[in-house]
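Derivation of every value follows stated rules applied to the coordinates shown; laboratory data play no part. Since the model is a prediction, treat every value here as computed from it, not as a measurement. No Cβ is skipped: glycine too gets one built from the backbone with ideal geometry, and neighbour counts run over all protein chains shown.
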Amino acid sequence: MEIFLTLSLLLLVPVILKVFEKTKFVTAISPVALAYAAGIGLSFVSIPLHYETLLQTTEISIALSISLLVLASNLDKFRVLLKPVFKAFFLGILSLFIAIILVYLFIDISHDERAKIMGMLTGVYVGGTPNLNAIGMALEVPNDIIVLVNTAEIVYGGIYFLMLITVIKPFLSLFLPKYVSKGLPVEELKAEQNGNMANYLKMIGLSLLSAIAILGMSFGLVLLIFGKVQVAAFLIILTTLSLFGAQTKIIQQIKWKFETADFLLLIFSFGIGLQIDLDTLFSEGLEIYMLVGAVFIGTIFIHYFLAWLTHTDVDTLMISATAALYGPPFIAPIANAIKNRELIIYGIALGLLGYILGNYLGLSIAWLLTLLDTSL
């Protein structure tokens, strides 16, 4: 009975959020933030949940979500990227690395999970929320800390997003050159459409089957190589196999991969929220908010400085920064806000590239900082 109740709840709340995701309330706050909030809210209630089922479902959902996000990538788009956009994107990654090093060395926040949190922040600010959560689980970060980092990132990210669509362009225009139109084709960010409900369900089923197959192969390879489950190695193999799978014609013909990944992310977010320990939330929250805020704000201003040094134009900087900090779904709103739809397709491509790079770079940063701690 507890297993059935747990699985029903994990499906019901994400379904409700998905049904109402286009409403003003859900759009303003974001479905992922509401999923976390719902999970945390229900953690106050004494619901007889099956903990093992809850834990396993959240782990499987984030693994499948990562795989589907990579499978939805089309590397053909990367080959036609504008050089300035590509350059600005990697300046953003460089800015993140510099900010992390400065915060790590000079800000006195000695949290036990500091190196791992930096790896998680690398994942989210290169890729997105799925990378943050997957890296946290791969590094065996306690769920309470994962929720805190997510919450802090949502708070800072939400405030900055409002600034991006209002005051950031006039501010950057004071010291960065204007964008010069290249006459590029305009493309909107649209959900994949595929006719009637039968085709819709078919594509979701095929998306899930493809991700499950890759998950199974990844698990098998980890056991073959290490003789036991190594979560970090599993994540790297999963991402790599998904990257290869994204280039096959069979996978490319499957629609709704991105949307299916979004739904799985809601399941994960809600499930993690249910596991929150409120004592940890209040005792360690301030320190983590300071750590996340220092990295976030530092990354933004270092990126501005590097853009000024390299004469990057305002629109290119904003689109590339959005691709890194927020991912593909936020490209179109920013492009519309700055009245430049030419760069939409390139921003989407960069956001997808970020999903791919996020796992590799996030785990690498966490391991390097752990080695640094050991040597000091």
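Is the shape of region 192-259 best called rounded, prolate or oblate, per the rule: a/c under 1.5 gives rounded, else a/b larger than b/c gives prolate, else oblate, with a ≥ b ≥ c the square roots of the Cα gyration tensor eigenvalues? Provide the component values of the computation, followed by the final result.
Values: a/c = 3.35, a/b = 2.55, b/c = 1.31.
Verdict is prolate for region 192-259.
Mean separation of Cα pairs under 8 Å and 6+ residues apart, divided by the residue count of the chain: what relative contact order is that in percent? Spell out each step's value before the answer.
Numbers: 536 pairs, mean separation 144.6, N = 376.
Over the chain, the number comes to 38 percent.
Of the cross-linked pairs K83/K255; K22/K116; K24/K257, which ones have a Cα-Cα span greater than 32 Å in the structure shown? Write out the running numbers ahead of the final one.
Values: K83/K255 29 Å; K22/K116 35 Å; K24/K257 25 Å.
Distance filter (> 32 Å) returns K22/K116.
Name the longest site-free stretch of the chain, where the excluded sites are chymotrypsin sites (Phe, Trp or Tyr not before Pro) in a DSSP loop with no more than 15 other beta-carbon atoms within 10 Å.
Numbers: sites that count: F20, F44, F175.
It works out to 176-376.
Kyte-Doolittle cut-off -0.5, length cut-off 24 Å along the helix's own axis using Cα: show which whole DSSP H helices in the chain pass. Write down the numbers at each step before the final one.
Details: long enough: 2-19 (25 Å, 2.25); 51-71 (30 Å, 1.24); 83-106 (34 Å, 2.13); 143-164 (31 Å, 1.38); 197-226 (43 Å, 1.90); 257-274 (26 Å, 1.33); 278-309 (46 Å, 1.42); 344-375 (44 Å, 1.48).
Counting only whole DSSP H runs, the qualifying helices are 2-19, 51-71, 83-106, 143-164, 197-226, 257-274, 278-309, 344-375.
Report the per residue volume, in Å³, of the convex hull enclosing the C-alpha atoms of region 1-159.
Numbers: hull volume 24.9 nm³, N = 159.
Dividing the Cα hull volume of region 1-159 by its residues yields 157 Å³.
Quick one: order R341, R114 by neighbouring beta-carbon count within 10 Å, fewest to most. Display every interim value, and only then the final one.
Working: R341 16, R114 20.
Placing the least packed residue first, the sequence is R341, R114.
With N set to the number of residues, divide the alpha-carbon radius of gyration of region 284-376 by 2.2 N^0.38 Å and report two decimals. Please list the in-between numbers first.
Numbers: Rg = 15.9 Å, N = 93, 2.2 N^0.38 = 12.3 Å.
In units of the 2.2 N^0.38 Å rule of thumb, it is 1.29.
Let me see the pair-distance distribution of the chain: every alpha carbon pair, 10 Å bin width, integer percents in order.
Here the calculated profile for the chain is 5, 24, 34, 27, 9, 1, 0.
At a Förster distance of 41 Å, what's the computed FRET efficiency of A198 paired with H311, Cβ-Cβ distance as r, to 0.05? Spell out each step's value before the answer.
Details: r = 53 Å, r/R0 = 1.29.
It comes out at approximately 0.20.
Quick one: grab Rg to one decimal and Dmax as a whole number for region 291-345, Cα atoms only, in Å.
11.9, 36
Could you state the orientation-averaged shadow area of the convex hull built on the Cα atoms of region 2-69, in nm² to one decimal? Don't jump to the answer; show the numbers that get you there.
Details: hull surface 20.2 nm².
For region 2-69, the mean projected area of the Cα convex hull comes to 5.1 nm².
Work out how far the C-alpha atoms of region 330-376 reach from end to end along every principal axis, then list the three figures in whole Å, largest first.
The Cα atoms of region 330-376 stretch 50, 18, 12 Å along their principal axes.
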